[in-house]
Amino acid sequence: MKLLVIHGPNLNLLGRREPEVYGRLTLAELNTSLQKHAADRGVEAAFFQANAEGAIIDALQGSDADGIVLNAAAYTHYSHAIADAVKAIGVPVVEVHLSNVFAREEFRRHSVIAAACKGSICGFSALSYRLAMDALIELLSNK
Ligand code: DQA
């Protein structure tokens, strides 16, 4: 089984970007911990980060993964193009957020991609990603 983790805009700055909101873990550290989480479960994991919407759509379309963990970052709140790509690929996608988007500004409380995804997890920092991976592993194992 192969999983792809996609990180959207500004997540390349994790560790120094608003650490009180997003924590002090860098993107490289987060990916290393997720790689281990996947390996411990006998699953292959690949990682991709882009700031550009089109690059995220290309990654979704070009993926050969069995399931995708997607933190579309700010695109979550307005990218109908990413939502359409999620719908188009026919691969289960789980939406994740490090922060609890429902406890933040009004514009973050709405996701235009959520309805296209299998489910959404937010508010647990790096654990959001691990929970999403575990959800996909269970879902794909019971297929
Ligand atoms: C985020 C939440 C988004 O609202 C924000 O734009 C991000 C990160 C999160 O992981 O908490 O860039 O997706």
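The values are calculated or read from the model by the stated rules, or taken from the named source; none is laboratory data. Keep in mind the model is a prediction, meaning the values are calculated, not measured. Positions of Cβ are generated from backbone atoms using ideal geometry, with glycine treated the same way; all protein chains shown enter the neighbour counts. Accessible surface areas use protein heavy atoms only, side chains included; no ligands, DNA or RNA. Shrake-Rupley method; radii C 1.70, N 1.55, O 1.52, S 1.80 Å.
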Checklist entry - Any idea how far apart Asp58 and Leu131 come out in nm if each label point goes 7 Å out from Cα toward Cβ? => result 3.3
Checklist entry - Taking all protein chains as present, what is the carbon and sulfur share of the accessible area of the chain, in % to the nearest whole number, probe 1.4 Å? => result 52
Item to check | the chain - mean residue ellipticity at 222 nm from DSSP helices (-39,500 (n - 2.57) per run, n ≥ 4, rounded to 500) | outcome: -11500 deg cm²/dmol
Item to check | Base-10 log of normalised Debye intensity for the stretch 2-141 (one unit scatterer per alpha-carbon) at q = 0.09 Å⁻¹ | outcome: -0.23
Checklist entry - From the backbone phi of the stretch 130-143, what are the Karplus-calculated ³J(HN,Hα) couplings (6.51 cos²θ - 1.76 cosθ + 1.60, θ = phi - 60°) in whole Hz, Gly and Pro given as x? => result 5, 5, 5, 4, 5, 4, 5, 4, 5, 4, 6, 6, 9, 5
Checklist entry - Among all the lysines, which ones have a C-alpha under 25 Å from Lys36's C-alpha, if same-chain residues fewer than 8 places away are not counted? => result Lys2, Lys118, Lys143
Item to check | Label point distance in nm, Ser33-Ala88, each placed 7 Å from Cα along Cα→Cβ | outcome: 3.4
Checklist outcome for this item: Taking every other residue with Cβ under 12 Å from the Cβ of Gly67 and scoring Lys and Arg +1, Asp and Glu -1, one gets -2
Next on the checklist: Probe of 1.4 angstrom, ligands and nucleic acids ignored: what's the accessible area per residue over the stretch 2-141, in square angstrom?
Outcome noted: 47
